[in-house]
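Read through the structure below, which is laid out as structure tokens, and then see the notes.
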Amino acid sequence: MKPILLKKGHKQFIPFQIKNQLLYKFASSITPDKDIIKENVVVVLGTQWGDEGKGKLIDQISNQFDFVARVQGGSNAGHTIKSGNHKFAMHLVPSGILNPKSQCVVGNGVVVHLPTMFDEIKSLEAGGIHWAKKNLKVSDRAHILFDFHQQVDGMQEGQRAEKDQIGTTKKGIGPCYSSKMNRENLRFCDLVDIHKDPKKREDFFAKFKLIAGNHMTRFPLLKVNLQEELEKYMNFSRIMSENNMISNTVHLINEAIDTKQKVLIECANATMLSIDFGTYPFVTSSNCDIGGVCTGLGVSPKCFKDSFVIGVTKCYCTRVGSGPFPTELFDETGEQLRKAGHEFGTTTGRPRRCGWIDTVALNYAVMINRIDAFILTKLDVLTGMKEIKIGYKYIYPDGSESTVDFPADLRKLENVKVAYKTFKGWNQDISKCKTFDSLPKEAQDLVLEIEKLTRCFIKYIGVGPDRSEIIIREKN
């Protein structure tokens, strides 16, 4: 059934069900933004420990782009997008899939668990996104994450002493990247046509048995049904072949950039979880930063000369799992943030640790990623709080201080004392505010101080959970 246009010229639609008939209701998107429109490549990345709300912005602006690409990580990441009466929890499929005009790309840097990806596609199709398969391209160089990677992830975490547990999502990300770095894993180019080519099927199965066997040797409790797995992946091969879902995305993205098509790049996780720049070892297994864009898509840093980098941060801070968290709250205020912000993991359902915003960490993220502008999310969550704080300076045991330097040594980080600036709260409902000036003065003061401390313009402000509840600012 074709989309019903409610008004001429509308480009974005939200699906909803009425009496089992698929209709499309127009959804007001944010006003096209000149900084976004003029740039050829736009990167959206998290600046904290993840869960900042990247998906909402990507969904909002994706109708201005020809391509929306995911570059790293796996199903350990999660975006929840509210679209009309539907909520879509996406872990592998790029958030831009809700826009029928965008071609979505899963880059070579992503590790893909196909059962999860097809569960997401099924959910999207049930919600009216019937173009999900057609508009999704997976890199032929991306690595396949198998079920046994997930099982091994849980076993490895169980072997660690309690104090050393990373807090992994047990989605198999680390073990799959290990298989990749050990040069023993299977890629999507190996999956192509195994449903109809006996020689390719034989090669795929032989390599799969070798990888699975190596893991079963290391983990005697691990059991893998080899024949069942082969049949499952033959079916995936057939579906992906029928829908032309496996592609040379390196060529596809570079050609798009060379021909001045517009590319929106979505980084999963966040800078403070980056394998190189985060709070190691309490991090993920990929580079969740600007460098991961180059290696995860196969593009040159020269592409960024015509780019715009948007950093996403909450107006407070959260993290899931173990690891240092300098501004963490252990009192009723932390619980208030958790409840008001619905801070439970999209992937795991685990309650997130909550604390005040940390501009020392934000300054570090700005420096690494050369962020052009922030989107500050969930400002509405702070409504009703008497006092709101910003952690702006680290004071170390030796008396030294820093507002920009984020230490690599976790022992040093765990012993910092955080200096705070305190602001008055507000009680007004801000979810219907459409301009910065319409916000309560107390909210404006908070935003301007974060901007001052990070020396980075806050261009977007999230004031509610709905996709339209966002304010755009212009520089004076």
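The values are calculated or read from the model by the stated rules, or taken from the named source; none is laboratory data. Quick caveat, the model's predicted, so the values are computed rather than measured. Cβ: placed from backbone, ideal geometry, glycine included. Neighbour counts: every protein chain shown. We work out accessible area using only protein heavy atoms, side chains counted, and drop any ligands, DNA or RNA first. Shrake-Rupley method; radii C 1.70, N 1.55, O 1.52, S 1.80 Å.
Does region 362-385 contain at least one residue that is open to solvent by less than 20 Å² (accessible area, probe 1.4 Å) and among the hydroxyl-bearing types (Ser, Thr, Tyr)? Show your work before the answer.
Quick first cut of region 362-385, residues open to solvent by less than 20 Å² (accessible area, probe 1.4 Å) only: 362-363, 365, 369, 371, 373-377, 379, 381-382, 385.
From what is left, the residues that are among the hydroxyl-bearing types (Ser, Thr, Tyr) are 377.
Within region 362-385, one or more residues are open to solvent by less than 20 Å² (accessible area, probe 1.4 Å) and among the hydroxyl-bearing types (Ser, Thr, Tyr).
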Conditions (1) modelled with pLDDT under 85; (2) surrounded by fewer than 24 Cβ atoms within 10 Å (Cβ to Cβ); (3) of a type in the set (A, V, I, L, M); (4) not in a loop (DSSP other than H, G, I, E, B): number failed by Val44 = (1)
Only one of Thr284, Thr327, Thr318 is under 24 Å from Gln60 (Cα atoms), open to solvent by less than 20 Å² (accessible area, probe 1.4 Å) and among the β-branched types (Val, Ile, Thr); which?
-> Thr318
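Please tell me if Gly425 is among the small types (Gly, Ala, Ser), modelled with pLDDT under 95 and surrounded by 15 or more Cβ atoms within 10 Å (Cβ to Cβ).
Values: among the small types (Gly, Ala, Ser): yes; modelled with pLDDT under 95: no; surrounded by 15 or more Cβ atoms within 10 Å (Cβ to Cβ): yes.
Spelling it out, it is not the case that Gly425 is among the small types (Gly, Ala, Ser), modelled with pLDDT under 95 and surrounded by 15 or more Cβ atoms within 10 Å (Cβ to Cβ).
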If you go through region 28-37 one residue at a time, do you hit one that is at pLDDT below 85, assigned to a helix (DSSP H, G or I) and within 20 Å of Gln103 (Cβ to Cβ)?
-> yes
The number of residues in region 206-229 that are under 15 Å from Asp147 (Cα atoms) and open to solvent by less than 100 Å² (accessible area, probe 1.4 Å) is 15
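With the condition being within 29 Å of Val43 (Cβ to Cβ), I'd like the strands (runs of 3 or more DSSP E) fully within region 374-462 carrying at least 2 qualifying residues. Write out each step before concluding.
Numbers: elements: 387-395, 417-424, 458-462.
Per the criteria, 387-395, 458-462.
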Checked region 230-266 for anything open to solvent by less than 20 Å² (accessible area, probe 1.4 Å) and acidic (Asp, Glu); matches are Glu266
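If you go through region 335-348 one residue at a time, how many are over 23 Å from Met90 (Cα atoms) and either in contact with a helix residue (DSSP H, G or I) (Cβ under 7 Å, 6 or more places away or on another chain) or surrounded by 20 or more Cβ atoms within 10 Å (Cβ to Cβ) (or both)? I'd like the intermediate steps shown before the answer.
Within region 335-348, the subset over 23 Å from Met90 (Cα atoms) is 335-337.
With either in contact with a helix residue (DSSP H, G or I) (Cβ under 7 Å, 6 or more places away or on another chain) or surrounded by 20 or more Cβ atoms within 10 Å (Cβ to Cβ) (or both) added as a condition, the list becomes 337.
Summing the residues that are over 23 Å from Met90 (Cα atoms) and either in contact with a helix residue (DSSP H, G or I) (Cβ under 7 Å, 6 or more places away or on another chain) or surrounded by 20 or more Cβ atoms within 10 Å (Cβ to Cβ) (or both) in region 335-348 gives 1.
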Go through region 71-100 residue by residue and tally those that are modelled with pLDDT under 85 and either open to solvent by 30 Å² or more (accessible area, probe 1.4 Å) or among the small types (Gly, Ala, Ser) (or both).
-> 12
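For Thr454, indicate whether it is open to solvent by less than 70 Å² (accessible area, probe 1.4 Å) and more than 20 Å from Met272 (Cα to Cα). I'd like the intermediate steps shown before the answer.
Values: open to solvent by less than 70 Å² (accessible area, probe 1.4 Å): yes; more than 20 Å from Met272 (Cα to Cα): no.
Criteria not met by Thr454.
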